[in-house]
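Peer 1: The structure's right below; bear with me while I get my questions together.
Quick note: the coordinates plus some simple rules give every number you see, no bench work behind them. These figures come from a predicted structure and were not determined experimentally. Cβ atoms come from the backbone with ideal geometry, glycine included; neighbour counts cover every protein chain shown.
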Amino acid sequence: MRTAAALVLAGLVAASLTACSTPVDTGDCKPAGSGSVSDSLDVTGEFGSEPTVEFSKPLSVDTTQRTVEIASEKRTAFAEYNDEVTINFVLYNGTTGEKLSSSYADGQPAVFAVNEDVYLPGLIKTIQCAAPGDRLSGVIPPAEAFGAEGSPNLAVAAGESLVFVVDVVSISAGIATGEPQPPVEGLPTVTLAEDGTPTITIPDTDPPAELEIALLKKGDGAVVGDGDSVKVHYVGMNWNTKEIFDQSWGGQGPATFATDQVVSGFGQALVGQAVGSQVLVVIPPELGYGPSGGNAGAGIGAEDTIVFVIDILSTTPAAG
């Protein structure tokens, strides 16, 4: 079950200390509302340290209720769709009161993509629209948690609710945020959905014989170096068949690659670009899968040209 696996990965792998009943600034983002059940939680402790959470069990709600326990004073970024949010959290079974998991105890913050197709809807409703420095508590009904199946891995039986208390450490955009650049004539065109997902339209012409790299958005972040580990969103299409053969969109979120551990043309498209950029690259067979005889599993022949649109989200220098 995808939601169970996501939770297991996240969980196993001096402001006011009282619940904030008044609304806080969330920009244009629309968060889940608080309610009498989430407001009834007794959450104490300082931001960054595991909170003490007390509540009368069992807890029952029809939809996720979200209360701001500590409101950040700096509210310049908010967790919106497809953003990546680094959090510390503690998770309880809202029916039995049992503590299920704690990133504080593990010493490793978790990273969540704000995407209900990837993580439990109630978890996302709790962190969506949060700002770094916020502490939030969410009471999550079974329908927005593990439902009628439960989660044996986390000791959650069918029909049990969850309590999720979160310290929001940081937020990073899940899409390229650079300045749009004019398209290059003769290359594929790209349109973006509201959530940033690219749609590639390939012209009815022969592909270029050489590697072609076009900047669709120009970022102003750190520059990707040779051998760096780069976090990206991407979609890949076969020029000849005009079919998508791989993409990170709509799946488990952004992927991380070393620039020297991917096909040569993909790596060349990344090196020298700034974080926040979106890049279109047309890769001839000799710089793609041609040298290895194609990629039959992806429907790519040895003579096929491939096209990628890549959002560069972060880069980490190569060791040494």
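Peer 1: Work out the count of Lys pairs in the chain where the Cα-Cα distance is under 25 Å, with the pair 8 or more places apart or on different chains.
Peer 2: Count of close lysine pairs: 10.
Peer 1: What value does the stretch 2-172 have for Rg/Rh, both radii from Cα atoms and Rh as Kirkwood defines it?
Peer 2: Numbers: Rg = 14.2 Å, Rh = 15.5 Å.
With Rg and the Kirkwood Rh in hand, the quotient comes to 0.92.
Peer 1: On to the next question. Using the beta-carbon distance between ALA105 and VAL262 and R0 = 56 Å, what value does 1/(1 + (r/R0)^6) give for FRET efficiency, to the nearest 0.05? Before the final figure, lay out each step's value.
Peer 2: On the way: r = 36 Å, r/R0 = 0.64.
About 0.95, to the nearest 0.05.
Peer 1: Contour minus end-to-end for ALA148 and GLN181, with contour as 0.36 nm per residue of separation and end-to-end as the Cα-Cα distance? Numbers along the way, then the final one.
Peer 2: Values: separation 33, 0.36 × 33 = 11.88 nm, distance 4.84 nm.
Length gained between ALA148 and GLN181: 7.0 nm.
Peer 1: While we're looking at this one, here's another question. Give me the net charge for the shell around LYS74: Cβ to Cβ below 11 angstrom, other residues only, Lys and Arg +1, Asp and Glu -1.
Peer 2: Numbers: positive: ARG75; negative: ASP25, GLU73, ASP134.
Net local charge, LYS74 excluded: -2.
Peer 1: One quarter of the convex hull surface, Cα atoms only: what value does that give for the chain in nm²? Could you put the intermediate results ahead of the total?
Peer 2: Working: hull surface 72.1 nm².
Reported value for the Cα convex hull: 18.0 nm².
Peer 1: What does the charge count around GLY219 come to, taking other residues whose C-beta lies under 15 Å from its C-beta (Lys +1, Arg +1, Asp -1, Glu -1)?
Peer 2: Values: positive: LYS217, LYS218, LYS231; negative: GLU179, ASP220, ASP228, ASP311.
Here the count lands on -1.
Peer 1: Rounded to the nearest 0.05, what FRET efficiency do ALA298 and LYS74 have when you use their Cβ-Cβ distance and R0 = 41 Å? Each step should come with its number before you reach the end.
Peer 2: Numbers: r = 44 Å, r/R0 = 1.08.
The computed FRET efficiency comes out at 0.40.
Peer 1: Mind pulling the per residue volume of the convex hull built on the Cα atoms of the stretch 179-316? Å³ is fine. Walk me through the numbers on the way to the answer.
Peer 2: Values: hull volume 14.2 nm³, N = 138.
Convex hull of Cα atoms, per residue: 103 Å³.
Peer 1: Treating only the Cβ of Lys, Arg, Asp and Glu as charged (+1, +1, -1, -1), what charge dipole size does the chain show about its Cα centre? Round to the nearest 20 debye. Before the final figure, lay out the partial values.
Peer 2: Values: 13 positive and 40 negative charges, 124 e Å.
I would put it at about 600 debye.
Peer 1: Taking the Cβ of VAL271 as the center, what net charge do the other residues with Cβ under 11 Å away carry, scoring Lys and Arg +1 and Asp and Glu -1? Let's see the in-between values first.
Peer 2: Values: positive: none; negative: ASP226, ASP228, ASP260.
Counting the neighbours of VAL271, the net charge comes to -3.
Peer 1: In addition: List the GluC sites (Glu not before Pro) within the stretch 85-172 that fall in a DSSP loop (any state other than H, G, I, E or B) and whose Cβ has at most 16 other Cβ atoms within 10 Å.
Peer 2: Details: sites: GLU98, GLU116, GLU144, GLU149, GLU160; in loops: GLU98, GLU116, GLU149, GLU160.
Sites meeting the loop and neighbour criteria: GLU98, GLU116, GLU149.
Peer 1: Also, I was wondering about something else. Based on DSSP H runs of at least 4 residues, each adding -39500 (n - 2.57), what is the mean residue ellipticity at 222 nm of the chain after dividing by all its residues, to the nearest 500 deg cm²/dmol?
Peer 2: On the way: 5 runs with 32 residues, N = 320.
Calculated from helices alone, the mean residue ellipticity at 222 nm is -2500 deg cm²/dmol.
Peer 1: Measure off 7 Å from each Cα along the Cα-to-Cβ vector at ASN240 and ASP220, then give the distance between these two points in nanometres to one decimal.
Peer 2: 4.3 nm
Peer 1: State to the nearest 20 debye the size of the charge dipole of the stretch 2-172 about its Cα centre, where the only charges are +1 on K and R beta carbons and -1 on D and E beta carbons.
Peer 2: Values: 9 positive and 22 negative charges, 15 e Å.
My answer is approximately 80 debye.
Peer 1: Counting pairwise Cα distances across the stretch 27-71, what percent come out greater than 15 angstrom?
Peer 2: 52 percent
Peer 1: What does the extension gain come out to for LYS57 and ALA209, with contour length at 0.36 nm per residue minus their alpha carbon separation? Before the final figure, lay out the partial values.
Peer 2: On the way: separation 152, 0.36 × 152 = 54.72 nm, distance 6.65 nm.
That works out to 48.1 nm of additional length.
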